[in-house]
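Novice: I have a structure I would like to understand better, so I am pasting it below and will then ask my questions one at a time.
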Amino acid sequence: MAESLTTRLRIRPRQRVKLARHDPDFTGAFQGKAEVKSATKKNVERLFDLQYKMYAENKHSLLVVLQAMDTAGKDGLIRHVMTGMNPQGCRVVPFKKPSEKEFDHEYLWRIHQAVPPKGEVGIFNRSHYEDVLVVRVHDLVPKSVWSKRFEQINRFEHYLAENGVTIVKFFLHISKDEQKKRLEARLKDPLKRWKFSVGDLAERKHWNEYMLAYEEVLSKCSTPWAPWYVIPANAKWFRNYAVSQILVETLNRLRMSWPKVTFDPKKIKVV
Ligand code: ATP
Ligand code: MG
């Protein structure tokens, strides 16, 4: 049988990742948006049901980690794929530059507090991985400090996974050219202009350093308990489809069941 899309996009543990070998334009067996639209819609509906079951069962939680360069579409993905989820039981948590208080703690402190409780879905818009990405690229802590974090993160995620947190991590992979187009579009379109940030141009200058930092993250932190997926994200419709498909498969593997009731409904009469 042909390798499934999910298997193809998943980084194997200890695989040495070279992002140049992962085509951001890849769209699998699909030629265009129209072909994939109904499949994505179906997945979004399945996600709604699966999330509902997770909420009812109150046993597992799902943690979705989103990492990407600016404009790669973390927000768009959340809008298109997670909209199907019931807000009761689903929380998006953005991680920005740590506050003073957060900074006084070790780097996983703020992360741990945001981990979804049983029955719920948590979406991390950026995450603890910033502590080996932006922190590394901008020399915010010495190498002797950040280089220990890959192992620390693996152990932290292992601990969460052993305690009922299903973790799935997506790197939305766009090309540098695609980012240029998207930044230009933001400047041109009055409805998108508010999204433009001069800071994004400064980060863009560090593109190659970010790619190297991402390669190390993907090579060291894709584990059986918390896999990384590299999502080709130049085509937004494929990005949305691929993530929706992986989430559905991940949740299906949990084999969740509706809670058993302790009464016989036939013997109960509502008067
Ligand atoms: P958008 O621009 O779509 O609103 P965003 O995630 O880019 O989303 P910003 O407010 O633009 O949000 O950027 C957040 C910034 O915070 C990023 O530059 C990110 O690198 C930075 N950041 C996140 N975590 C850390 C951290 N631990 N240390 C330093 N900087 C961090
Ligand atoms: Mg930004």
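Residue-wise test of (1) among the hydrophobic types (A, V, I, L, M, F, W, C); (2) away from ligand 1 (no atom under 15 Å from the Cβ); (3) more than 29 Å from ARG79 (Cα to Cα).
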residue	(1), (2), (3)
LYS118	no, yes, no
LYS143	no, yes, yes
PHE156	yes, no, no
LYS169	no, yes, no
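Matching residues to (1) over 18 Å from the mean Cα position of the chain (by Cα); (2) aromatic (Phe, Trp, Tyr); (3) open to solvent by 40 Å² or more (accessible area, probe 1.4 Å):
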site: ASN163; (1), (2), (3): yes, no, yes
site: VAL168; (1), (2), (3): no, no, no
site: PHE196; (1), (2), (3): yes, yes, yes
site: GLU203; (1), (2), (3): yes, no, yes
site: ARG239; (1), (2), (3): no, no, no
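Novice: When the residues of the range 6-35 are narrowed to those that are of a type in the set (A, V, I, L, M) and at pLDDT 95 or above, which ends up surrounded by the most Cβ atoms within 10 Å (Cβ to Cβ)?
Specialist: Checked the range 6-35; the qualifying residue surrounded by the most Cβ atoms within 10 Å (Cβ to Cβ) is LEU9.
Novice: In the range 189-220, what residues are assigned to a helix (DSSP H, G or I), more than 16 Å from ILE174 (Cβ to Cβ), within 16 Å of ligand 2 (Cβ to nearest atom) and not β-branched (Val, Ile, Thr)?
Specialist: Of everything in the range 189-220, those that are assigned to a helix (DSSP H, G or I), more than 16 Å from ILE174 (Cβ to Cβ), within 16 Å of ligand 2 (Cβ to nearest atom) and not β-branched (Val, Ile, Thr) turn out to be ARG193, TRP194, GLY199, ALA202.
Novice: Next up: From the set of residues in the range 173-188 that are not polar (S, T, N, Q) and not in a helix (DSSP H, G or I), which is nearest to the chain's Cα centre (by Cα)?
Specialist: HIS173
Novice: Here are VAL141, VAL145: which of them is open to solvent by 10 Å² or more (accessible area, probe 1.4 Å) and either on the phi > 0 side of the Ramachandran plot or not in a helix (DSSP H, G or I) (or both)?
Specialist: VAL141
Novice: Which one of the conditions (1) of a type outside the set (Phe, Trp, Tyr); (2) part of a loop (DSSP other than H, G, I, E, B); (3) more than 22 Å from the chain's Cα centre (by Cα) does ARG255 fail to meet, given that it meets all the rest?
Specialist: (3)
The values are calculated or read from the model by the stated rules, or taken from the named source; none is laboratory data. Source: prediction; values computed, not measured. Positions of Cβ are generated from backbone atoms using ideal geometry, with glycine treated the same way; all protein chains shown enter the neighbour counts. The protein model used for the area step is the full one, side chains on, heavy atoms only, and it has no ligands, DNA or RNA in it. Shrake-Rupley method; radii C 1.70, N 1.55, O 1.52, S 1.80 Å.
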